[in-house]
Amino acid sequence: MSNWIDLRSDTFTLPSDAMRQAMAFAPVGDDVFGEDPTVNQLEKYCAELFGTEAALYCSSGTQSNQIAINVHTQPGDEVICADLAHIYIYEGGGIALNSGCSVRLISGNLGRFSAQDVLNNINNKNDIHLPLTRLVCIEDTVNKGGGAIWDFEEIKRIRKVCLENNLSLHCDGARLFNALIESGISPKDYAAQFDSISICLSKGLGAPVGSILVGSSEFIAKSRRRRKSMGGGMRQAGIIAAGALFALQHNVERLKTDHQNAKRISSVLMNHPEIVSVLPVETNIVIFETRKSDGAEEMINWLKSNNILCFPFGKNKVRMVFHLGINEDLMNELINVFQ
Ligand SMILES: *Cc1c(COP(=O)(O)O)cnc(C)c1O
């Protein structure tokens, strides 16, 4: 695939030679028995980074989100999230399937809502007709919102509403480092606002497998139990955890480059006759709209004939995701094609 400029997703990132070396020589053991030194090191590293009591290495972001939702709720409870949320749209109905919860959707601004929106959607707990509102989930950055970042002050207000109404607050931080590197907010300050955060290591950070879940010791102990019952107890997982640790130690700062690349291409796209609008670019995702109401497929095929792979996001929308596989040469090639 080395000829392709692959912008379909930051999940297509491949491990570097140095990352593969780290993985090949990682000390391993049986992680179900807590004896994999590399997994233990990764979990300790993440807990320290986010200032939480504990962390849990999970096989995917879907798994870590679904575990968190399950631990925070009881069947019949209600979960508040955005209508654009990955947990609602892209996790195979997992909230209903794994946790038996109903979902209250908020249509916000590019997947972001306010503390007032949360207040407006909490059910009266004294009315036995209504499901008990139990959990609020936000997604930072918002995938379907074109990589939009949440306002940290609004997060703090949402946290306050949650504390006052006995609700847990979970963050689907699949691309949280993209948000933090841009806002300058420290992982510790950010994590202090949440009961749990899930972070993907297999996206822009470039590890081959896995997500990390952070939270209190009690929450992580319950999550470890739930991970096992969901079939996520892995054995010599240090092989893949070593790639995840390498990613965290080497590939966080460089996310800035992906954001610069995304901003660079967005100004080029705005001048293209077949493109009518581009969502504001805040991080590594660019979503643009074609002039024709069903133009996404035609645009994707034209790009493909020029060695560029993108992902359709509806009939007239195309998504591009920038990542560590897109270097300066490929950026210049990409810009040439659009010009
Ligand atoms: C990718 C992603 C996830 C998790 O995806 P997995 O493929 O299961 O690792 C969760 N939330 C968002 C917003 C994502 O983009």
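The values are calculated or read from the model by the stated rules, or taken from the named source; none is laboratory data. Just so it is clear, the structure is predicted and the values come from calculations on it, not from any experiment. Note that each Cβ is placed from the backbone with ideal geometry, even for glycine, and that neighbours are counted across all protein chains shown.
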Would you check which residues across the stretch 215-250 are outside any helix (DSSP H, G or I) and within 11 Å of CYS58 (Cβ to Cβ) and list them? MET230, GLY232, GLY233, MET234, ALA237
Could you please tell me which pairs satisfy a Cβ distance under 6 Å, a separation of 6+ or placement on different chains, a first residue in the stretch 36-64 that is in the same structural domain as GLY233 (by TED's automatic domain parsing) and within 16 Å of the ligand (Cβ to nearest atom), and a second residue that is part of a helix (DSSP H, G or I) and of a type in the set (S, T, N, Q)? LEU56/SER223; CYS58/SER64
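Looking at ILE67, ILE5 in this structure, which one is away from the ligand (no atom under 16 Å from the Cβ), buried (at least 18 other Cβ atoms within 10 Å of the Cβ) and among the β-branched types (Val, Ile, Thr)? Explain how you work it out, then say what you get.
Numbers: ILE67 fails: away from the ligand (no atom under 16 Å from the Cβ).
Selected residue: ILE5, the only one of ILE67, ILE5 that is away from the ligand (no atom under 16 Å from the Cβ), buried (at least 18 other Cβ atoms within 10 Å of the Cβ) and among the β-branched types (Val, Ile, Thr).
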Given the condition within 13 Å of the ligand (Cβ to nearest atom) and either farther than 28 Å from LEU248 by Cα or among the hydroxyl-bearing types (Ser, Thr, Tyr) (or both), answer yes or no: does some residue in the stretch 104-113 qualify? no
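Check ALA68, ALA22, ALA47 and return the single one that is in a helix (DSSP H, G or I), of a type in the set (A, V, I, L, M) and either at positive phi or within 17 Å of the chain's Cα centre (by Cα) (or both). Spell out how you get there, then give the answer.
Values: ALA22 fails: either at positive phi or within 17 Å of the chain's Cα centre (by Cα) (or both); ALA47 fails: either at positive phi or within 17 Å of the chain's Cα centre (by Cα) (or both).
From the options ALA68, ALA22, ALA47, the qualifying one is ALA68.
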Complete set of residues in the stretch 191-219 that are away from the ligand (no atom under 16 Å from the Cβ) and under 19 Å from the mean Cα position of the chain (by Cα): ALA191, ALA192, GLN193, ASP195, GLY215
If I go through the stretch 79-102 residue by residue, how many of them are within 15 Å of the ligand (Cβ to nearest atom), among the aliphatic types (A, V, I, L, M) and either assigned to a loop (DSSP other than H, G, I, E, B) or surrounded by fewer than 17 Cβ atoms within 10 Å (Cβ to Cβ) (or both)? 4
